[in-house]
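Down below is the structure, laid out as structure tokens.
The values are calculated or read from the model by the stated rules, or taken from the named source; none is laboratory data. The model shown is predicted, which means the values in this text are computed figures rather than measured ones. Positions of Cβ are backbone-derived with ideal geometry, glycine not excepted, and every protein chain shown enters the neighbour counts.
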Amino acid sequence: MELLVATAIGILTAGGLYLVLRLRTFPVILGMSLLTYAVNVFLFTTGRLSVGAPPILRDGVEVYTDPLPQALVLTAIVISFGMTAVVVMIGLGAFLGSDDDHVDDQPETDQSTSEGQS
Amino acid sequence: MSHWIAAPIILPAFVAPFIVLSARYHIGIQRVLSVFGVLALIVIAASLALDASDGTITLYQMGDWAAPFGIVLVGDKLSTMMVLLTAVLALFVLLYAIGSGWDNRGWHFHALFQFQLMGIMGAFLTGDLFNLFVFFEVLLIASYGLMIHAGGTKRLKAGVQYVLFNLIGSTLFLFALGSIYAETGTLNMADLANRVALIGADETVGIRVAAVLLLMVFAIKAALVPLHFWLPSSYAEAPAPVAALFAIMTKVGAYAIIRVYTMIFSPQLEATAGLFDVWLLPAALVSLALGMLGVLAAKKLDRLVAFAVIGSMGMVMISIALFTPAGIAAALYYIVHSTFAGAALFLISDLVRSSRANVDLTAQPVMSGNALTAGLFFVGAIAMAGLPPLSGFLGKLLILDAAYDSDLMVWIWVVVLSSSLVSILGFARAGSILFWKAHSVPAPDGTEPMPSPSPLSYVAVGGLITLLAAHTVFAGQVHGYTSTIAAQLFTPEPYISTVVETPGKLSTPKGDH
């Protein structure tokens, strides 16, 4: 099972990194989501993998799984979910305003670039 | 257990929603609440710093749970100094935002400002690595809102870059925290310090990976080359008061490096040897050189200041990477200086922007308020470039002195001194184009002169410049204090024993209190 989980994290990370390097808003956001999935699974495994063990105290149970990574993952999920929503909104605003979804700076074409600023 | 140490986090956390809920449509009330909130923060921060100045370490256990099971806030000399620095900076930035009307060009400036302060204060005060991550996110979420305050396509585009870069940084942070937890089973800094020291010499693979990942995360925050690419665009496009407040955010990265690498991965630790002299120091030297070259090459004033910030972070990092008490003391002195100098220059670039059509470094007709703005720019540039008599010069002298015994002493001296020369050229070029050449360009007929910036804006910038002057005059005292901070950092045992050994709810019988 360790191999399965480790490969899953590896594939998610590799896919995420590839998409992040595409430098267009939509693939980059998808890549970020994949990366956060990868890190969530990774955090989950930091308390060691154990199948069918409860994380909280119960009568008659000998083996427990580490509850802390589950709490950490929960925090990480909430934060990354909120952040993704924020970046989608800002990215959409930037795309609608400039009709261009490049994430990196494009070479400036017009000289009066600072005119539109307030 | 004194509750005051939590106040710098709690107070903005209450002021911000109160502003949103009760004063949403009244900019006047928002301003009053925000200014009073920051004033109260300064008083609290000053008294906390006073408490910590005799070496006491204040511990606050959230929910009365003992470390490492609960989250703790710890106030020692370093964290209370950074809290005080943030609060003082926030006041002048806020005054500028009010004076220039920036806070009224979009929604919720004051609420986001308070949330940002909450995140920064929390990052300085927390004693738990995962909690540090959470406070990083709090300050980042608020900074995303502030960064795109007042909108505009260019600003949104820069905002996308800024958010994405920081999201990747956060993901990296989580990977680092995950590997640390997998190796040691704890995320409390003091507990980690004990456990990392116990790891056997042949089992250090995991913890070394974690240490490098963590250093990269903090280097992203501190805008260290080659992880600095997010900074120039976002700082230049952010509203000026926001960029000025961001001057403290790069220092959060520097603070986290000092905190984590003096306590957890201490210099004596064999597993992380070479992290600083082999990797961090060269990166810091390149940052300084690149930042100052950027100052010379910049075509706009706001980019120029952004590169000056990168350069000054390089200077701070050189001093930190020496990893001696003298180096850390000099770095802390320089951190205070470069926070005020960077913030002042961002505000000055906005003074220029508001009294002239743009901030391009080209000769244009004389701007309104030329003489006063030019004077402020002159002083700010002297401070940032590190010319005598201001604190930049003293800070640089301290860093050069601290580097005297280093193996790379020649490199450090050469880079620091030659990059200073380059930055002086850059600032002189910018200043003479902006303020002197303007006199030879006649104003086109029939154009109304732009309105002068408001007096309150000048008061805010002047206040920051005055602080720089005070930082120079009291350099002896300040450096003496930063030396005691460094001494406290290099003897972390009292910190660790205070955090780990103080009993909490768990070790007290029921009904005992």
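Is at least one residue of the range A:21-44 touching a strand residue (DSSP E or B) at 6+ places or on another chain (Cβ under 7 Å), modelled with pLDDT under 95, surrounded by fewer than 21 Cβ atoms within 10 Å (Cβ to Cβ) and closer than 30 Å to residue A:97 by Cα? Can you show your working first?
Pass one, the range A:21-44, residues touching a strand residue (DSSP E or B) at 6+ places or on another chain (Cβ under 7 Å): A:23-24.
Retained after the next criterion (residues that are modelled with pLDDT under 95): A:23-24.
Within this subset, residues satisfying the condition of being surrounded by fewer than 21 Cβ atoms within 10 Å (Cβ to Cβ) are A:23-24.
Right, trim to closer than 30 Å to residue A:97 by Cα and you get A:23-24.
Looking for residues that are touching a strand residue (DSSP E or B) at 6+ places or on another chain (Cβ under 7 Å), modelled with pLDDT under 95, surrounded by fewer than 21 Cβ atoms within 10 Å (Cβ to Cβ) and closer than 30 Å to residue A:97 by Cα, one finds at least one in the range A:21-44, hence yes.
Residue-by-condition table, conditions (1) in contact with a Pro (Cβ under 9 Å, 6 or more places away or on another chain); (2) part of a helix (DSSP H, G or I); (3) within 24 Å of residue B:183 (Cα to Cα):
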residue	(1), (2), (3)
B:262	yes, yes, yes
B:266	yes, no, yes
B:271	no, no, yes
B:288	no, yes, no
B:294	yes, yes, no
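Which of (1) surrounded by fewer than 19 Cβ atoms within 10 Å (Cβ to Cβ); (2) under 25 Å from residue B:399 (Cβ atoms) is the odd one out, the single condition residue B:482 does not satisfy?
Every listed condition holds for residue B:482 apart from (1).
Within the range B:176-198, take every residue that is surrounded by fewer than 24 Cβ atoms within 10 Å (Cβ to Cβ) and within 7 Å of another protein chain (Cβ to nearest Cβ) and give me the one that is farthest from residue B:74 (Cα to Cα).
B:182
Which residues, counting only those in the range B:404-463, are touching a Ser or Thr at 6+ places or on another chain (Cβ under 8 Å), over 30 Å from residue B:327 (Cβ atoms) and surrounded by 19 or more Cβ atoms within 10 Å (Cβ to Cβ)?
Across the range B:404-463, the qualifying residues are B:435, B:453, B:457.
Checking residue B:352 against (1) under 30 Å from residue B:277 (Cβ atoms); (2) touching a residue at least 24 places away in the same chain (Cβ under 8 Å): exactly one of these is not met. Which one?
Condition (1) is where residue B:352 drops out.
So the check is Cβ under 9 Å with 6+ separation or different chains; which pairs have a first residue in the range A:12-39 that's over 14 Å from residue A:88 (Cα atoms) and touching a residue at least 60 places away in the same chain (Cβ under 8 Å) and a second one that's in a strand (DSSP E or B) and not small (Gly, Ala, Ser)?
A:23/A:102
I'd like to check which helices (runs of 4 or more DSSP H) are fully inside the range A:1-112 and have at least 3 residues that are at the interface with another protein chain (Cβ under 10 Å from one of its Cβ atoms) and polar (S, T, N, Q). Walk me through it before giving the result.
Details: elements: A:2-20, A:25-45, A:68-98.
Where helices (runs of 4 or more DSSP H) fall fully within the range A:1-112 and carry at least 3 residues being at the interface with another protein chain (Cβ under 10 Å from one of its Cβ atoms) and polar (S, T, N, Q), they are A:25-45, A:68-98.
Those residues that are among the aromatic types (Phe, Trp, Tyr) and surrounded by 24 or more Cβ atoms within 10 Å (Cβ to Cβ), I need them from the range B:288-332; list them, please. Explain how you work it out, then say what you get.
Of the residues in the range B:288-332, the ones among the aromatic types (Phe, Trp, Tyr) are B:307, B:323.
Result: B:307, single match.
Residue by residue through the range B:142-167, note down the ones that are more than 7 Å from every other protein chain (Cβ to nearest Cβ) and free of Cβ contacts under 8 Å to residues at least 60 places away in the same chain.
Of the residues in the range B:142-167, the ones more than 7 Å from every other protein chain (Cβ to nearest Cβ) are B:142-143, B:145-147, B:149, B:151, B:155, B:158, B:162, B:165-166.
Scanning the range B:142-167 gives B:142, B:145, B:151.
Kindly evaluate residue B:47 against the criterion of being in a helix (DSSP H, G or I), among the hydroxyl-bearing types (Ser, Thr, Tyr), closer than 14 Å to residue B:118 by Cα and touching a residue at least 12 places away in the same chain (Cβ under 8 Å).
Numbers: in a helix (DSSP H, G or I): yes; among the hydroxyl-bearing types (Ser, Thr, Tyr): yes; closer than 14 Å to residue B:118 by Cα: no; touching a residue at least 12 places away in the same chain (Cβ under 8 Å): yes.
No.
Considering only residues of the range A:35-73 that are of a type in the set (S, T, N, Q) and under 22 Å from the mean Cα position of the chain (by Cα), which is nearest to residue A:20 (Cα to Cα)? Break it down into steps so the answer makes sense when it comes.
Pass one, the range A:35-73, residues of a type in the set (S, T, N, Q): A:36, A:40, A:45-46, A:50, A:65, A:70.
From the residues that got through so far, the ones that are under 22 Å from the mean Cα position of the chain (by Cα) too are A:36, A:40, A:45-46, A:70.
Working: A:36: 12, A:40: 18, A:45: 24, A:46: 25, A:70: 27 Å.
My answer is A:36.
Does at least one position in the range A:83-99 carry a residue that is of a type outside the set (A, V, I, L, M, F, W, C), on the phi > 0 side of the Ramachandran plot and out of contact with any Pro (no Cβ under 9 Å at 6 or more places or on another chain)? Show your work before the answer.
We begin by selecting, within the range A:83-99, every residue of a type outside the set (A, V, I, L, M, F, W, C); these are A:84, A:91, A:93, A:97-99.
Okay, now just the ones that are also on the phi > 0 side of the Ramachandran plot, so A:99.
Those left that are additionally out of contact with any Pro (no Cβ under 9 Å at 6 or more places or on another chain): A:99.
Within the range A:83-99 (the criterion being of a type outside the set (A, V, I, L, M, F, W, C), on the phi > 0 side of the Ramachandran plot and out of contact with any Pro (no Cβ under 9 Å at 6 or more places or on another chain)), the answer is yes, since at least one residue qualifies.
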